[in-house]
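Step one of this worksheet: look at the structure below.
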2 protein chains.
Amino acid sequence: MSNTRKPPTMADVARVTGVSPMTVSRAFKADSLISKERREAILRAAEELGYVFDSTASNLRSQKSGFVAVTIPSINNANFADTVGGLSDTLAARDMQILLGYTNYNTQEEERLIEQLLRRKPQAIVVTGGKHTERGRRLLETVHIPVIETWDIPAEPIDHYVGFSNANAVRDMVDHFVRVGYRRIAFIGGDVGRDTRGSERRIGFAAAMQVHGLDASRLIAAGLPPISMREGANAMAKLIEIYPDTEAVVCVSDLAAYGALTECRRLGVPVPERFAIGGFGNYEIGEVCVPTLTTINAFAREIGVRTAELILDILDGKQGVDVRISPELIVRDSSR
Amino acid sequence: MSNTRKPPTMADVARVTGVSPMTVSRAFKADSLISKERREAILRAAEELGYVFDSTASNLRSQKSGFVAVTIPSINNANFADTVGGLSDTLAARDMQILLGYTNYNTQEEERLIEQLLRRKPQAIVVTGGKHTERGRRLLETVHIPVIETWDIPAEPIDHYVGFSNANAVRDMVDHFVRVGYRRIAFIGGDVGRDTRGSERRIGFAAAMQVHGLDASRLIAAGLPPISMREGANAMAKLIEIYPDTEAVVCVSDLAAYGALTECRRLGVPVPERFAIGGFGNYEIGEVCVPTLTTINAFAREIGVRTAELILDILDGKQGVDVRISPELIVRDSSR
DNA sequence: TTATTCTATGGTAACGATAACATGGGCCAT
DNA sequence: ATGGCCCATGTTATCGTTACCATAGAATAA
């Protein structure tokens with residue numbers, strides 16, 4: 001039953017249709033000069049033969065892979081998934097595909113990944129964050145394609161960026177907490193030094209507290225980033241134990257914040273009456289849980305869409321303009 | 001500053017090192033016959049020249065892309081993300097990469113995607129579910145690479161599968177509900193006809209209810225799959241309105257179940273005392289929320305790992321053995 | 001010592017598409 | 001009618017790597 005002959009090529013389709021291989025090639029390319037009837041005949045014959053267009057050959061000859069390489073810390077993060085979704089959808093309109101890699105929040109792993117991805121000859125590369133190994137950075141600097149750093153505004157961008165200041169976003173939340181009347185405020189995040197964005201949020205927290213003349217030392221490290229709901233809950237328990245008089249907590253993500261919220265419920269601590277909670281990332285959980293969670297919307301999907309648009313502009317020869325996203329503080333019931 | 005010459009090739013590295021291009025090629029291939037010193041010299045020269053290995057040429061010549069194509073309904077689903085994670089990690093050990101596409105729970109879209117992915121000449125293709133368009137199925141049947149259907153046990157597998165019976169898994173939950181004493185049980189799912197796995201769970205629910213001689217007509221359709229927490233909450237409100245005497249509900253996913261749970265809290269309905277809730281998928285939310293959620297663990301990551309192992313076996317010329325996963329009912333506080 | 005095997009390398013052609021250029025016929029303007 | 005232009009198609013060479021085969025010398029066996 002199984003056909004063991006080797007798969008047909010354009011030459012086979014050409015032979016069957018009585019045209020040259022070049023004409024078959026044109027039939028498969030959207031905007032090329034070819035008569036309508038001929039194209040249809042060719043495509044019909046191709047379908048009948050079971051011919052499948054071979055991108056690998058096309059890529060080599062045309063020196064265009066149709067790939068955009070993307071590295072994200074983890075696929076298990078709704079925010080990054082949204083960014084990838086925005087990228088993917090926007091690039092699909094131009095028949096470009098995403099080549100995805102996971103760094104596991106590790107610049108060493110990122111370096112390996114970048115090297116591996118570049119071998120596929122992507123037409124642009126998108127990385128998450130502005131921190132890289134020395135060699136990783138060098139690879140990105142010397143490659144001759146657009147490089148876009150996202151989810152951050154790097155001090156020294158390699159090429160382009162689409163991002164926001166994590167520190168400033170957290171500052172907005174601290175300002176809000178202080179305005180509403182909270183003073184003894186803590187921060188729950190992951191262990192220091194791995195997740196760059198998490199670290200920046202912690203730094204932003206400390207800086208904002210100092211501006212208000214408040215104690216910025218209530219910092220709970222809850223484990224390897226990204227921290228889970230469970231770890232957020234554990235951190236909350238620890239926080240109450242170490243600093244029982246704390247009035248509010250800023251969490252590095254909504255997941256940790258939700259964990260903290262459930263721990264409060266278990267402990268019988270009323271939120272927000274005796275304790276306020278803020279998260280980060282505007283996950284769906286935050287608008288459904290009771291009470292709803294104050295958070296920061298970083299417009300994850302928009303980061304992806306704008307990044308894709310930037311890439312397409314550059315590939316079209318237009319000037320690429322970097323994008324500064326303005327995260328939005330969303331005040332909900334957990335901090336009123 | 002920018003070097004505008006065109007990028008170096010193996011020939012350039014060969015010239016600099018004083019060897020043939022063939023030897024350079026060997027230096028870049030792990031297990032090839034080449035002396036250690038020579039390989040090191042070549043790799044050093046390559047790094048210095050800024051040479052980047054070109055997979056596109058390699059793929060064409062060797063007729064091996066190093067890709068495994070994967071289609072999933074959505075990237076925004078922790079279960080499928082876990083499966084992809086398992087696939088990705090396991091394949092990475094053999095230097096294979098995943099080429100990911102999103103069907104948006106739509107077989108029409110899946111067909112387009114399959115066609116697009118096959119052009120990249122993957123060495124295997126993994127699809128989610130066993131339902132495809134006619135042409136999509138034909139494409140998969142005629143392609144000369146391993147095809148693996150996942151998250152389901154198709155009535156007529158195209159080639160291989162790694163999955164489980166969604167209907168049976170839900171039956172286990174209904175059995176549990178009945179055993180514990182609930183009788184008037186409802187089902188919350190998405191609109192009929194789009195999400196295959198969701199539909200199968202609904203069918204499994206109805207069948208199980210009938211076996212117990214119970215009324216299987218309390219079915220709430222909550223919107224386009226995948227249904228969100230918010231939609232789960234809305235569906236719960238509707239359920240209580242239409243069938244006020246309902247005692248328990250089986251939800252198509254933990255997200256919907258969590259939404260239902262919060263709605264109960266808002267309505268002052270005690271869970272599980274007056275109302276039991278079950279979900280599907282063993283999402284993290286279910287073990288953190290209060291009360292914790294009864295659910296079904298479908299071993300999403302394991303599906304990915306086993307699928308990858310199956311692919312590697314087949315590519316190694318071994319016999320590929322299909323995998324039946326046994327989902328596990330996890331009874332938690334929401335249904336005791 | 002001689003035959004045999006193994007190791008390290010080189011030469012050549014090919015993977016399958018298409019960029020670049022060439023060409024012939026139809027159509028329009030003058 | 002004739003030059004010029006556009007459209008549809010063909011010819012040739014090439015993208016960068018590696019499969020395949022050949023070969024020289026070293027190592028081992030007989």
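For chain A, the relative contact order comes to 15 percent (Cα pairs under 8 Å, sequence separation of at least 6). Note on chain B: GNM, Cα springs under 10 Å; of B:40, B:134, B:115, the largest mean-square fluctuation is that of B:40. Under the classification rounded if a/c is under 1.5, otherwise prolate if a/b is larger than b/c and oblate if not, where does region A:127-286 fall, given a ≥ b ≥ c as square roots of the Cα gyration tensor eigenvalues? The shape class here is prolate. Each copy carries a label point for residue A:115 at 7 Å from Cα along the beta-carbon vector; from one copy to the others these points are 4.0 nm apart, nearest first. Counting from the shortest, the label point at residue B:44, 7 Å from Cα toward Cβ, is 6.4 nm from the same position in each remaining copy. Using amide H atoms built in the peptide plane, which far-off residues or other-chain residues are under 5 Å from residue B:325 H to H? Residues meeting the criterion, in which the H sits 1.01 Å from N, are B:163, B:164. What is the set of long-range amide H partners of residue B:279 at a cut-off below 5 Å, with H atoms built 1.01 Å from backbone N? Under 5 Å from the amide H of residue B:279 lie the amide H atoms of B:251, B:294, B:295, B:296, each far enough along the sequence or on another chain. Sorted shortest first, the distances from the residue B:142 label point to those of the same residue in the other copies are 4.6 nm; each point sits 7 Å from Cα along Cα-to-Cβ.
Calculated from the alpha-carbon coordinates, chain A shows an Rg and a Dmax of 25.4, 85 Å respectively. Net charge dipole, chain A: roughly 740 debye, given to the nearest 20, about the Cα centre with Cβ charges of +1 for Lys and Arg and -1 for Asp and Glu.
Look at A:148, A:314, B:42 and count the other Cβ atoms within 10 Å of each Cβ; fewest to most, that gives A:314, B:42, A:148.
Over its Cα atoms, what ratio of radius of gyration to 2.2 N^0.38 Å does region A:64-200 give? List each step's numbers first, then the result.
Numbers: Rg = 16.7 Å, N = 137, 2.2 N^0.38 = 14.3 Å.
Scaled against compact globular proteins, the figure is 1.17.
Angle check, please: helix B:78-92 long axis (alpha carbons) against the longest principal axis of chain B (alpha carbons), in degrees 0 to 90, nearest 10. Roughly 30 degrees between the two axes. How much of the calculated P(r) for the protein assembly as shown lies past 35 Å, in percent of all Cα pairs? Of the Cα pairs, 49 percent sit more than 35 Å apart. Summarising the amide proton neighbourhood of residue B:126: residues at separation of 5 or more, or on other chains, whose placed amide H is nearer than 5 Å comprise B:69, B:70, B:71, B:148.
The angle between the Cα long axis of helix A:229-242 and the longest principal axis of the Cα atoms of chain A comes to about 20 degrees, rounded to the nearest 10. So what's the angle, to the nearest 10 degrees on a 0 to 90 scale, between helix A:300-315 and the longest Cα principal axis of chain A? Approximately 40 degrees, to the nearest ten. Taking other C-beta atoms within 10 Å as the exposure proxy, B:29, A:318 rank A:318, B:29 from fewest upward.
Taking every DSSP beta bridge that has both ends in chain A, the antiparallel portion is near 10%.
All of the numbers you see were taken from the coordinates with simple rules; none came from a lab. The shown structure was predicted, so the numbers you read here are calculated from the model rather than taken from an experiment. Neighbour counts are summed over all protein chains in view; Cβ atoms, including those assigned to glycine, are modelled from backbone coordinates with ideal geometry.
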